[in-house]
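Colleague: Here it is: the structure, laid out below.
The values are calculated or read from the model by the stated rules, or taken from the named source; none is laboratory data. All values reported here derive from a predicted model rather than from experimental measurement. Please note: Cβ atoms are built from the backbone with ideal geometry, for glycine as well, and neighbour counts cover all protein chains shown.
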Amino acid sequence: MAQFEGKTAVVTGGAHGIGKAIAEAFRREGARVFIIDKTPGDWFVGDVGDKETLERFARHISDNCTCVDYLINNALPLMRGIDECTYDEFQYALSVGVTAPFYLTKLLLPHFGTGAAIINISSSRDRMSQQQTESYTAAKGGIAALTHALSVSLAGRVRVNSISPGWIDTTESVIIGADALQQPVGRVGKPEDIAEAALFLCSEKAGFITGENLCIDGGMTRLMIYHGDHGWTYDAH
């Protein structure tokens, strides 16, 4: 029997990339999967940055299943930098990346079953940055912190963990050379790398894990870079 036979999973932003891989992995393991995504398709179509949409989605779920076992908050926030990002764009990024996971968790809380788990998809940008990424980075930092807060508030009811992906290629490209080799594992990540981690964190094998963040980035954030190391040079301009 598949490990999640008879279980129900909810995936936000599940039409593409990491979210799609997670949804497919849960289906492969026997779970019924509810998806919300802005892209038109055979799932609940809507914007998680909108409060009323989240409420309608939660009603749709509760009307069509008896309980929720797993919630994966994956919807992608907007990435804009301080030079161009408007107030409204920044607020929207936080709405998608932080408020939506909080509010959807609150809406579904009465419906979580025994052994339920939440996985929040953060990013390795929750601990490191490139220039002009403030809206996205703030949202990812927020969801990482929200994870440990929820894990304490929901102790004994729902386990809550987050995953911080590094460079994950969602285009099925063949990436070689320096782009691959800069990761200590020697390759760029795949959506399936994150999906498998999500399955593990939702399984009974991870029953003693909550409030944690798992960074899956091929070791990239562990590699210290100094001027002159590994052929890297710093150009102040």
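Colleague: Mind listing whichever residues of the stretch 196-224 are outside any helix (DSSP H, G or I) and surrounded by fewer than 11 Cβ atoms within 10 Å (Cβ to Cβ)?
Modeller: Taking the stretch 196-224 and keeping what is outside any helix (DSSP H, G or I), we get 203, 207-219, 223-224.
Within the stretch 196-224, Gly207, Phe208, Met224 meet the criteria.
Colleague: Val96 - would you say it is of a type in the set (A, V, I, L, M, F, W, C) and not in a helix (DSSP H, G or I)?
Modeller: no
Colleague: Please go through the stretch 166-179 and give me each residue that is of a type in the set (A, V, I, L, M) and either surrounded by 11 or more Cβ atoms within 10 Å (Cβ to Cβ) or touching a strand residue (DSSP E or B) at 6+ places or on another chain (Cβ under 6 Å) (or both), ordered by number.
Modeller: Quick first cut of the stretch 166-179, residues of a type in the set (A, V, I, L, M) only: 168, 174-176, 178.
Across the stretch 166-179, the qualifying residues are Ile168, Ile175, Ile176.
Colleague: Specify which of the listed residues (Ile163, Ile143, Ile118) is crowded, with 16+ Cβ neighbours inside 10 Å, touching a residue at least 40 places away in the same chain (Cβ under 8 Å) and over 18 Å from Phe200 (Cα atoms).
Modeller: Details: Ile163 fails: over 18 Å from Phe200 (Cα atoms); Ile118 fails: over 18 Å from Phe200 (Cα atoms).
Ile143 is the lone residue from the list that is crowded, with 16+ Cβ neighbours inside 10 Å, touching a residue at least 40 places away in the same chain (Cβ under 8 Å) and over 18 Å from Phe200 (Cα atoms).
Colleague: Can you pull out every residue in the stretch 17-38 that is closer than 19 Å to Leu104 by Cβ and of a type outside the set (Gly, Ala, Ser)?
Modeller: Within the stretch 17-38, Ile18, Lys20, Ile22, Phe26, Arg32, Val33, Phe34, Ile35, Ile36, Asp37, Lys38 meet the criteria.
Colleague: Also, I was wondering about something else. State whether the residues of the stretch 121-137 include one that is assigned to a strand (DSSP E or B), touching a strand residue (DSSP E or B) at 6+ places or on another chain (Cβ under 8 Å) and crowded, with 21+ Cβ neighbours inside 10 Å.
Modeller: First pass over the stretch 121-137, keeping only residues assigned to a strand (DSSP E or B): 121.
In the following step, the residues that additionally are touching a strand residue (DSSP E or B) at 6+ places or on another chain (Cβ under 8 Å) were identified as 121.
After this cut, where a residue has to be crowded, with 21+ Cβ neighbours inside 10 Å as well, the list is 121.
Yes, some residue in the stretch 121-137 is assigned to a strand (DSSP E or B), touching a strand residue (DSSP E or B) at 6+ places or on another chain (Cβ under 8 Å) and crowded, with 21+ Cβ neighbours inside 10 Å.
Colleague: Which one of these is closer than 30 Å to Ile82 by Cβ, of a type in the set (Gly, Ala, Ser) and modelled with pLDDT of 95 or more: Ala139, Ala178?
Modeller: Working: Ala178 fails: modelled with pLDDT of 95 or more.
Of the residues listed, the single one that is closer than 30 Å to Ile82 by Cβ, of a type in the set (Gly, Ala, Ser) and modelled with pLDDT of 95 or more is Ala139.
Colleague: How many residues are surrounded by fewer than 21 Cβ atoms within 10 Å (Cβ to Cβ), in contact (Cβ under 8 Å) with a residue 12 or more places away in the chain and over 20 Å from Glu204 (Cβ atoms) if we restrict to the stretch 146-160?
Modeller: 2
Colleague: What do you reckon, is Asp37 of a type in the set (D, E, K, R), closer than 18 Å to Leu76 by Cβ and crowded, with 22+ Cβ neighbours inside 10 Å?
Modeller: yes
Colleague: Right, here's the next one. Which residue is nearest to Ile143 (Cα to Cα), if the candidates are limited to the stretch 9-67 and must be of a type in the set (Val, Ile, Thr), in a loop (DSSP other than H, G, I, E, B) and at pLDDT 95 or above?
Modeller: So in the stretch 9-67, the residues of a type in the set (Val, Ile, Thr) come out as 10-12, 18, 22, 33, 35-36, 39, 45, 48, 53, 61, 66.
Applying the additional criterion that residues be in a loop (DSSP other than H, G, I, E, B) yields 39, 48, 66.
Among the residues that remain, those that are also at pLDDT 95 or above are: 39, 48.
Values: Thr39: 23, Val48: 14 Å.
Selected residue: Val48.
Colleague: A follow-up question, please. Report, by residue number, each residue of the stretch 152-183 that is closer than 24 Å to Ala117 by Cα and within 16 Å of the chain's Cα centre (by Cα).
Modeller: Kept after step one, since they are closer than 24 Å to Ala117 by Cα, are these residues of the stretch 152-183: 152-166, 168.
The answer is Arg159, Val160, Asn161, Ser162, Ile163, Ser164, Pro165, Gly166, Ile168.
Colleague: Still on this structure, please answer the following. Based on this model, can you work out whether Asn64 counts as within 14 Å of the chain's Cα centre (by Cα) and closer than 22 Å to Ile119 by Cβ?
Modeller: Details: within 14 Å of the chain's Cα centre (by Cα): no; closer than 22 Å to Ile119 by Cβ: yes.
No.
Colleague: What about Gly113, is it touching a residue at least 40 places away in the same chain (Cβ under 8 Å), closer than 26 Å to Lys7 by Cα, small (Gly, Ala, Ser) and assigned to a strand (DSSP E or B)? Explain how you work it out, then say what you get.
Modeller: On the way: touching a residue at least 40 places away in the same chain (Cβ under 8 Å): yes; closer than 26 Å to Lys7 by Cα: yes; small (Gly, Ala, Ser): yes; assigned to a strand (DSSP E or B): yes.
It is true that Gly113 is touching a residue at least 40 places away in the same chain (Cβ under 8 Å), closer than 26 Å to Lys7 by Cα, small (Gly, Ala, Ser) and assigned to a strand (DSSP E or B).
Colleague: How many residues does the stretch 146-174 contain that are more than 21 Å from Glu24 (Cα to Cα), in a loop (DSSP other than H, G, I, E, B) and at pLDDT 95 or above?
Modeller: Looking only at that region, the number is 4.
Colleague: Further question: Considering only the stretch 69-82, I want to know if a residue exists there that is in contact (Cβ under 8 Å) with a residue 40 or more places away in the chain, of a type in the set (Val, Ile, Thr) and assigned to a strand (DSSP E or B).
Modeller: From the stretch 69-82, those in contact (Cβ under 8 Å) with a residue 40 or more places away in the chain are 69-82; that's our starting set.
Then drop every residue that is not of a type in the set (Val, Ile, Thr), which leaves 72, 82.
Restricting the remaining residues to those that are assigned to a strand (DSSP E or B) gives 72.
Checking the stretch 69-82: at least one residue is in contact (Cβ under 8 Å) with a residue 40 or more places away in the chain, of a type in the set (Val, Ile, Thr) and assigned to a strand (DSSP E or B).
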